[in-house]
Amino acid sequence: MTPPSTPQTGMNGWSARYYLEADLHVISIFSTFFFNFFNLGCLILKRLAQPYCYSDPGMTRHLYLLRHAESAEKQSGQSDKDRSLTPRGLRECVVIGTHLYQQNISFDCILTSAAQRAEDTARFVADAMKMDTEKISVVEELYEASSRTFFQFLSGLDDRFNTILIVGHNPVITYVTEYLTQSEIGDMATGGVAVIKFNIHSWKEVSQGNGELENYTHPGILQPD
């Protein structure tokens, strides 16, 4: 009787296993390569997209809100708009302007209410900062502006300017400061200035709570009587 035959495990079987293992190894190498290439591409795209991200630190903007310095009471026959600064108010301008100058602050522009006391405050503060007063612009709508008007004005600020000083009036200037920063400062003193930082691409993005109150000070703190 002829014994049963056994499976052939010669050269042909060994070659098949060898080539199969080689193919799997090549596939593994290419898979790893394409996976790493894909991740690298995603990283490059992420880096390229960063300038357009909302949190881009290069888009920091600063808004300085300054209440006009102390002004005289309205005289008989005089309009509220024509009230001028008192001698104390003039000193407040020098104190706050000198403080800003010592902090190496420079404004791209200064926007002021059309009231005489606000215009004078803007001019004397700019003088104390050794700034060109040609950067001052008088804005009629800031005089007696409501909160709504003030916010609309902020959203229309020129995006070429990153650091802006606005000289205005209470109670609106206090309310706007607290609304934008969600920080309580109380009644802003005459000559008081609030420094608000925004991480935004455009002034149109200014909204409730997206500003950070970096500092609030006034002449009474800087130079007590």
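We did not get these values from a lab; they are worked out from the coordinates using the rules stated. Remember, predicted model here, so these are calculated numbers, not experimental data. Every residue, glycine as well, gets a Cβ built from its backbone with ideal geometry; the counts of neighbours run over all protein chains shown.
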* **Relative exposure of Cys93, Cys109, judged by other C-beta atoms within 10 Å (fewest first)** => Cys109, Cys93
* Find, to one decimal place in angstroms, the Kirkwood hydrodynamic radius of the stretch 57-222, where the mean of 1/r is taken over every pair of different Cα atoms and then inverted. => 15.7
* Structure fact -> In the neighbourhood of Asn215 defined by beta carbon distances under 15 Å, the net charge of the other residues (Lys, Arg +1; Asp, Glu -1) is -2
* **J(HN,Hα) series, the stretch 210-223, from Karplus relation 6.51 cos²θ - 1.76 cosθ + 1.60, nearest Hz, glycine and proline x** => 9, x, 10, 6, 7, 6, 9, 8, 8, x, x, 7, 6, 8
* Over what distance in Å are the Cα centres of the stretch 183-225 and the stretch 69-141 separated? -> 17
* To do: Neighbouring Cβ atoms within 10 Å as the yardstick, rank Met59, Met129 fewest first.
  => Met59, Met129
* Ranking Ile221, Ile173 by Cβ neighbours within 10 Å, fewest first, what do you get? -> Ile221, Ile173
* How high is the FRET efficiency between His201 and Gln152 when r is their beta carbon distance and R₀ equals 22 Å, given to the nearest 0.05? -> 0.70
